[in-house]
Amino acid sequence: MAWFLGSLFLVFISSATACDRCVFQSKASHLYESPTTYGGACGYGNLALQFSNGFFAAAVPSLYKQGAGCGACYQVRCKNRRLCNTVGTKVVLTDQNNDNATDLVLSQRAFFTMALNGKGADLLNLGVVDVEYKRVPCEYPGRNLLVRVEESSYNPFKLAIKFFYQGGQTDMIAVDVAQVGTSDWSHMKRSYGAVWETDNVPEGALQLRMVVTSGYDGKWVWAKSVLPANWGVGAIFNTGVQINDIAKESCPPWQCGDGQWK
């Protein structure tokens, strides 16, 4: 029995391979209206409409990752060859989908874009379609990572922030804050989605450092001077850094999708 289990383990390990992208099969639906204001479990608010250009999605908990998946980008294409093109659409994850009937709920604009020319209305009328999807790098040419001070903040007692324009194929898993010029770092906790907070706010101007992961690798990203001493609610600040790391993924050979969808 031990020999059998050991052999089975080796077969399982050897069946995985490094891929540029792992492709998953599921279903997708769409929102039934095009919002002019936006909420979402990631906490982006109306900024989601801005940095996604209207191409956004809600995803199941396994992709939402308790908020770590917020801001991730996916390429999605439907499998109905009578109605759908072969390129699909690219979306930014901005919300959690708690309906396990579909992995993704796309914005109308994104869902429509999966259709062949002249077939968009027909595709929308289906409501739910079979799809395949893969995570792809987020691309924001010339854009640095930005940080916004949230409404629950109160200088100097509480600081809550969220990040957007997070590029590459990365998850943010830790954030620290310190006074500029010091190494006395305070850990921030994930409040929800893409929002991080702390009640232990250092004095003065603030620097940030973030742990971002890509694949199985992680690294610190240091933004040396981000928030001025007089930071206030609603203000958006430029971190001065860009995140664009990309790593291979591990999945069975039949899930590998190394080629571009054209």
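Figures for the structure shown
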quantity: Rounded FRET efficiency, nearest 0.05, which uses the C-beta distance separating Thr17 from Val211 and R0 of 25 Å; calculated: 0.40
quantity: Inter-part distance where the range 143-160 and the range 49-104 are each reduced to a Cα centre, Å; calculated: 27 Å
quantity: Cα gyration tensor shape for the range 73-173, rounded if a/c is under 1.5, else prolate or oblate; calculated: prolate
quantity: Per-pair calculated FRET efficiency, R0 = 22 Å: Gln260 and Arg82 via Cβ, rounded to 0.05; calculated: 0.45
quantity: Taking the chain and dividing mean pair separation by its residue count, relative contact order in percent (alpha carbons under 8 Å, at least six apart); calculated: 24 percent
quantity: Degrees separating the helix 2-15 axis from the principal Cα axis of the chain, which is the longest one; calculated: 80 degrees
quantity: Rough spin-label spacing in nm, given labels placed 7 Å along Cα→Cβ, for Asp122 and Thr182; calculated: 6.5 nm
quantity: Summed residue charge, Cβ within 10 Å of Phe164's Cβ, Lys/Arg positive, Asp/Glu negative; calculated: +3
quantity: Restraint check, Lys65/Lys134; Lys90/Lys158; Lys27/Lys262; Lys219/Lys248; Lys134/Lys262, Cα-Cα greater than 25 Å; calculated: Lys90/Lys158
quantity: Accessible area (Å², per residue) of the chain, counting only protein heavy atoms and a probe of 1.4 Å; calculated: 50 Å²
quantity: Ala101/Ile173 FRET efficiency (R0 30 Å; Cβ-Cβ; nearest 0.05); calculated: 0.55
quantity: Sulfur and carbon atoms: percent of accessible area, the chain [1.4 Å]; calculated: 53 percent
quantity: Neighbour-limited loop hits for GluC sites (Glu not before Pro), the range 192-261 (at most 10 other Cβ within 10 Å; DSSP other than H, G, I, E, B); calculated: Glu203
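The values are calculated or read from the model by the stated rules, or taken from the named source; none is laboratory data. Note that the structure is a prediction, hence the values are computed from the model and not measured. Here the Cβ is made from the backbone with ideal geometry for all residues, glycine too, and neighbour counts use every protein chain on show. With ligands, DNA and RNA removed, areas are computed over all heavy atoms of the protein, side chains included. Shrake-Rupley method; radii C 1.70, N 1.55, O 1.52, S 1.80 Å.
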